[in-house]
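The values are calculated or read from the model by the stated rules, or taken from the named source; none is laboratory data. Note that the coordinates shown come from a computational prediction; the quantities given were computed from them, not determined experimentally. Glycine also receives a Cβ, built like all others from the backbone with ideal geometry; neighbour counts cover every protein chain displayed. Surface accessibility is based on the protein's heavy atoms, side chains included, excluding ligands, DNA and RNA. Shrake-Rupley method; radii C 1.70, N 1.55, O 1.52, S 1.80 Å.
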Amino acid sequence: RWPSLLKYYSHTDGVSWLEEYKARHNAGLEAQRIVASFSKRFFSEHVPCDGFSDIETLGCPSHFFEDELMCILNMEGRKGLTWKYYAKKILYFLRQQNILKNLKEYLQRPTDRQSFLEGAVLIDQYCNPLSDICLKSVQAQVDDITDKVRKVLRTKNPRHPSLASKAGEVLIPEVELQRQVLDAMNCVLYEQLKYKGNELDYYNSLNSYIHQVLIRRTGIPISLSVLYLTIARQLGVKLEPVNFPSHFLLRWCQGKEGSTDIFDYTYIDAFGKGKQLTVKECEYLIGHHVTEEFYGVVTSKEVLQRMVGNLLNLGKRESTDQSYQLLRDSLDLYLAMYPDNVQHLMLQARLYFHLGIWPEKVLDILQHIQALDPSQHGAVGYLVQHTLEHIERRKEEVGPEVKHRSDEKHKEVCFSIGLIMKHKRYGYNCVIYGWDPACMMGHEWIRNMNVHSLPHGPHQPFYNVLVEDGSCRYAAQENLEYNSEPREIPHPDIGRYFSEFTGIHYLANTELEIRYPEDLELTRATVQKIYNSGKE
């Protein structure tokens with residue numbers, strides 16, 4: 001019934017299968033109950049952090065609960081979209097909580113037990129909690145590359161100490177033998193496997209995820225350096241990470257071990273095919289002189305800080321992701337490492353405030369900032385005031401606004417919920433999930449979007465649409481037309497509003513249908529009319 005659970009059992013265990021079946025069955029019922037409740041509770045807002053409180057106190061094994069969520073996500077066909085939408089959110093939350101726990105445990109270990117590769121995997125897992133990423137699998141791929149390096153090394157020096165069965169446990173002292181390892185690594189990584197720095201698409205977040213670096217064989221300086229350093233250490237060569245500005249590097253000691261003289265080291269550019277650089281060449285690489293402190297070795301925590309910092313900057317740049325998921329995830333990671341960093345706490349508070357979500361969480365963050373740095377009272381006070389106003393407005397909400405098509409004021413509305421449309425001017429495909437009898441945006445938006453240049457201006461129906469590129473837009477009726485070749489719209493929020501794709505239109509879920517009770521019949525009639533005219 002549930003083959004994916006087999007990994008949790010061993011053949012030698014004395015298991016009561018009836019009891020296990022009952023536990024899994026009950027966990028499934030509990031998961032279905034919670035998923036079903038989410039649409040009603042959180043349709044009109046993002047799921048707040050305290051929305052998962054009943055999941056944190058589960059009365060069943062978490063792996064059984066997760067397995068049921070995976071069963072929901074893997075349901076075949078185009079039905080159950082709303083269930084899949086909320087199952088995904090719950091699974092995202094559960095896995096991130098576990099990964100965060102593992103990260104905090106990792107950071108509490110002594111530094112000599114903090115593997116750079118494991119740290120990179122934890123960041124990767126947190127930002128991609130629904131992907132199947134595990135340290136064991138990543139390590140196996142790195143081991144495979146290491147074995148390829150050994151084969152090349154064997155052809156050059158059959159007696160090389162790195163070929164011994166316990167190589168890696170003991171560092172190779174001779175510089176010339178170390179050089180042979182690095183030459184073999186460069187041959188395998190850059191000549192045989194064609195790894196390279198991603199210069200063409202440098203600001204793609206995939207470059208920062210170690211499992212993607214291994215799949216795509218490309219990355220940025222820091223992710224390629226983690227891979228390079230890990231392989232070298234497995235072969236007995238101690239390389240160290242250098243937090244060089246604008247371009248992460250590794251250093252290789254040529255003098256006395258532990259030397260503080262920066263000229264006793266050769267610097268390695270994993271992004272530049274393993275090129276070995278002098279101090280002067282490092283400066284040429286970035287185009288300016290830097291002080292000696294930037295050539296020093298950094299800890300695994302500082303490496304993770306830089307990796308997360310890169311993701312934070314990418315999250316700030318992302319314009320199409322209106323949920324700012326990458327920015328939120330990278331802020332979580334940064335604050336897990338540095339929980340009292342006022343700058344990032346303020347960024348997190350502003351982000352949640354901007355998105356209009358989790359006002360209670362915003363107040364908690366602001367209180368923490370005020371305790372850490374009283375000089376922030378101006379910014380904190382402003383956000384506290386407006387957050388409290390938001391909470392009060394939410395208390396005054398009496399329920400969803402219901403729009404009846406039979407109302408006289410809605411007689412000009414031509415299109416209905418669930419129809420697949422095409423934008424006449426920009427050509428994008430979209431699905432309607434809401435409408436207004438006239439433009440309801442403010443004067444500034446109307447002016448910026450040049451709405452007055454339209455023949456009917458703002459005095460015509462406007463539609464909320466989910467667009468195939470993942471964005472949400474507000475389109476004028478005169479700019480939309482029926483899509484003669486309707487297809488699914490791959491938008492992350494599609495399940496928030498719709499329960500099923502019929503192949504030609506979407507069916508509103510219960511919560512959306514409450515708000516537009518007369519639209520479903522019109523959608524069906526419209527689709528039938530389009531279909532009949534197409535046949536003719």
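The table that follows gives values for the structure above.
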{"read-out": "Output for segment 391-441, where each listed residue is in contact (Cβ under 8 Å) with a residue 24 or more places away in the chain and assigned to a helix (DSSP H, G or I)", "value": "Ile391, Arg394, Lys409, His410"}
{"read-out": "Set Lys101, Lys88: member being touching a residue at least 24 places away in the same chain (Cβ under 8 Å) and of a type in the set (Lys, Arg)", "value": "Lys88"}
{"read-out": "Test: Asp493 is touching a residue at least 24 places away in the same chain (Cβ under 8 Å), open to solvent by 40 Å² or more (accessible area, probe 1.4 Å) and under 26 Å from the mean Cα position of the chain (by Cα)", "value": "no"}
{"read-out": "Residue check for Leu326: part of a helix (DSSP H, G or I) and surrounded by fewer than 21 Cβ atoms within 10 Å (Cβ to Cβ)", "value": "yes"}
{"read-out": "Complete set of residues in segment 371-403 that are under 16 Å from His354 (Cα atoms) and among the polar types (S, T, N, Q)", "value": "Gln385, Thr387"}
{"read-out": "Sole exception among (1) farther than 22 Å from Tyr202 by Cα; (2) surrounded by 19 or more Cβ atoms within 10 Å (Cβ to Cβ); (3) modelled with pLDDT of 95 or more for Phe271, by number", "value": "(1)"}
{"read-out": "Single residue of segment 474-486 satisfying the filter (touching a strand residue (DSSP E or B) at 6+ places or on another chain (Cβ under 7 Å) and in a loop (DSSP other than H, G, I, E, B)) that is surrounded by the fewest Cβ atoms within 10 Å (Cβ to Cβ)", "value": "Asn483"}
{"read-out": "Candidate set: segment 2-20, residues that are hydroxyl-bearing (Ser, Thr, Tyr) and touching a residue at least 12 places away in the same chain (Cβ under 8 Å); chosen: the one nearest to Leu58 (Cα to Cα)", "value": "Tyr8"}
{"read-out": "Residue match in segment 331-353 (condition: among the polar types (S, T, N, Q), out of contact with any Cys (no Cβ under 7 Å at 6 or more places or on another chain) and in a loop (DSSP other than H, G, I, E, B))", "value": "yes"}
{"read-out": "Extreme residue, farthest from the chain's Cα centre (by Cα), among residues of segment 501-529 that are within 22 Å of Ala36 (Cβ to Cβ) and β-branched (Val, Ile, Thr)", "value": "Ile514"}
{"read-out": "Among residues of segment 47-83, those that are open to solvent by 60 Å² or more (accessible area, probe 1.4 Å), closer than 17 Å to Pro129 by Cβ and at pLDDT below 80, counted", "value": "1"}
{"read-out": "Conditions (1) touching a helix residue (DSSP H, G or I) at 6+ places or on another chain (Cβ under 8 Å); (2) open to solvent by 40 Å² or more (accessible area, probe 1.4 Å); number of the one not met by His211", "value": "(2)"}
{"read-out": "Hey, Lys89 modelled with pLDDT of 95 or more, open to solvent by 30 Å² or more (accessible area, probe 1.4 Å) and part of a helix (DSSP H, G or I) or not", "value": "no"}
{"read-out": "Unique match (being closer than 17 Å to Gln114 by Cβ, touching a residue at least 12 places away in the same chain (Cβ under 8 Å), out of contact with any His (no Cβ under 9 Å at 6 or more places or on another chain) and open to solvent by less than 10 Å² (accessible area, probe 1.4 Å)) among Leu249, Leu227", "value": "Leu227"}
{"read-out": "Options Lys395, Lys403, Lys409; residue that is loosely packed, with under 10 Cβ neighbours inside 10 Å and of a type in the set (Lys, Arg)", "value": "Lys395"}
{"read-out": "The lone exception for Lys136 - which of (1) out of contact with any Ser or Thr (no Cβ under 9 Å at 6 or more places or on another chain); (2) surrounded by 14 or more Cβ atoms within 10 Å (Cβ to Cβ); (3) in a helix (DSSP H, G or I) it fails", "value": "(2)"}
{"read-out": "Test for Arg524: is it surrounded by 14 or more Cβ atoms within 10 Å (Cβ to Cβ) and of a type outside the set (A, V, I, L, M, F, W, C)", "value": "yes"}
{"read-out": "Some residue of segment 123-133 being under 30 Å from Leu163 (Cα atoms) and in a helix (DSSP H, G or I)", "value": "no"}
